[in-house]
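Rule-based calculations on the coordinates, nothing more; no lab input. Only a predicted model underlies this, so the values are computations on that prediction, with no experimental measurement involved. Don't worry about glycine lacking a Cβ; one is built from the backbone with ideal geometry, like all the others, and counts go over all protein chains shown.
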Amino acid sequence: MIRPTRTTHAAFAALAIVLAAALTGATAARPTIEAMNGGANGDAPGSTAQVVDMTAVEPTLEQLATLREVLAQFEDVDAALDAGFERFGDCMSGPQGAQGIHYRHGERISDPNLEVARPEVLMYEPRPDGSLRLIGAEYLVFQRAWHDAGNDAAPSLLGREFTLNTALLDEPFYALHVWVWQHNPLGLFANWNPLVRCGDATTHGG
């Protein structure tokens, strides 16, 4: 368990504002999301469409503050590389926005266990100066491995059920995006973020 620090306590105050904005944005976007039958939270390539359940239990500030503190060490993508993350694919974008460039941790992905403080994927937005800016995290587990481990229902973390994606990788997987480093007007757990851009991805090879 991560011990609270001055940085952590300061993050709580800032995080309260971020979370309030994220949840308010998600609530305001509800009619649009439902009208699209899960558009913002279920339209990742190959994902199963689902309606966002705004009555689900929200994550606590402590959970999100812990996740932000964990992710802080990876603001520099070189630190992520040193920790075992590796780039996967080009910058992903779609009609609802973008997800940035993904860096996955192979060991964590191969493990069907899910922990808030151990995301399987980090997301970065390419910047005009050639740098990468951390924007969020993604939890990911393969469908077969998850159910082979004795789980009947789909996985869930932070009060949200994962989306099933059947096309992006070689085998179906469950995934959950969490925008704890970049505000998302579509919601804290939406698949796409309209504030993220891939326009400068050519600097990073796509």
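Observations
- Under the simplified labelling scheme, the R144-F88 pair shows an inter-label distance of 1.6 nm, with each label point 7 Å from Cα along Cα→Cβ.
- Computed E for S156/H183 - FRET, C-beta separation, R0 25 angstrom, nearest 0.05: 0.65
- In plain terms, the residue of R160, R104 with the fewest other Cβ atoms within 10 Å comes first and the most crowded comes last, giving R104, R160.
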